[in-house]
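Below is one structure; the comments refer to it alone.
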Amino acid sequence: MRAVVCRSYGPPEDLVIEDVDEPVAGPGQLLVQVHAAAVNFPDVLFVAGKYQVRIPPPFIPGNEIAGEVIAVGDGASFGPGQRVSGTTFGAFAERALLDAESATLMPDDADFASAAAFGVTYRTAYHALRSTAEVAEGDWVVVLGAAEVTLNGKVEHVHENESIYLPIGATHRLANPGKIDLELIEVQTGSYFGEDDIIRIEDDYWRG
């Protein structure tokens, strides 16, 4: 099978794709055909040798997977054909081992990419936004770049990892004053979020 391999500590650009032996499911393990694997900051630290736990090269990085069970070890509580997600090590490969105790059965309507990113990526982002930053309804959180927000006539500049609160009914305008793309998260709650719920006083993008 093919896998991403870290031959020596360094940047992600030094990783290589190689043919490696397929793993075999041991007791309590699942062999999973990987359909999606999430990429996280700890993965960069692992391949650089800067994580708090160092794994001697060569190794297959990656910690989050979602896929289909193709083989099970003794005592594993899943069967071939079931769709599962979970946290393991060696996720950046066509097939990976996953402890049955840490595996989650995917809902029928879930896609592999979302399931792979849920365990660490989603929960980390949720914790940062809600527990640490205490983001609330009406907030804009800048992820990349810088935002120029005009709120009731007052201009505010919001930078990466900062947020601004927009009260209901406030006249506001968003602009990108920089040269790199602006990425942000808009937090809204309520029962209706249609475009016709917005009154556009001035619009440079011809949205009506």
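One line per residue, one yes/no per condition, for (1) of a type in the set (A, V, I, L, M, F, W, C); (2) surrounded by fewer than 17 Cβ atoms within 10 Å (Cβ to Cβ); (3) in contact with a Ser or Thr (Cβ under 6 Å, 6 or more places away or on another chain):
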position: ILE17; (1), (2), (3): yes, yes, no
position: VAL32; (1), (2), (3): yes, no, no
position: ALA37; (1), (2), (3): yes, no, no
position: ILE60; (1), (2), (3): yes, no, no
position: SER77; (1), (2), (3): no, yes, no
position: GLU94; (1), (2), (3): no, yes, no
position: ALA100; (1), (2), (3): yes, no, yes
position: LEU105; (1), (2), (3): yes, yes, no
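For the stretch 111-121, the candidate set comprises residues that are out of contact with any Ser or Thr (no Cβ under 8 Å at 6 or more places or on another chain) and small (Gly, Ala, Ser); within that set, the residue that is surrounded by the fewest Cβ atoms within 10 Å (Cβ to Cβ) is ALA113.
Of all the listed residues (GLY190, GLY138), the sole one being among the small types (Gly, Ala, Ser), at pLDDT below 70 and in contact with a Pro (Cβ under 7 Å, 6 or more places away or on another chain) is GLY138.
Yes or no: GLY81 surrounded by fewer than 16 Cβ atoms within 10 Å (Cβ to Cβ) and at pLDDT 95 or above? If you could, list the steps in order and put the result at the bottom.
Working: surrounded by fewer than 16 Cβ atoms within 10 Å (Cβ to Cβ): yes; at pLDDT 95 or above: yes.
Here the answer is yes, as GLY81 does meet what is asked.
The residues listed here are PRO56, PRO107; of these, the one that is under 22 Å from TYR9 (Cα atoms) and without any contact (Cβ under 8 Å) to a residue 24 or more places away in the chain is PRO56.
If you go through the stretch 4-42 and keep only what is touching a residue at least 40 places away in the same chain (Cβ under 8 Å) and among the acidic types (Asp, Glu), you end up with just GLU22. Listed here are the strands (runs of 3 or more DSSP E) enclosed by the stretch 1-71 that have at least 2 residues being under 23 Å from THR121 (Cβ atoms): 2-5, 29-38. Checking the structure you have, find out if any residue of the stretch 119-134 is under 30 Å from GLY86 (Cα atoms), at pLDDT below 75 and not in a helix (DSSP H, G or I). Yes, the conditions are met somewhere in the stretch 119-134.
The values are calculated or read from the model by the stated rules, or taken from the named source; none is laboratory data. Because the structure is predicted, anything quoted here is derived from the model rather than measured. Positions of Cβ are backbone-derived with ideal geometry, glycine not excepted, and every protein chain shown enters the neighbour counts.
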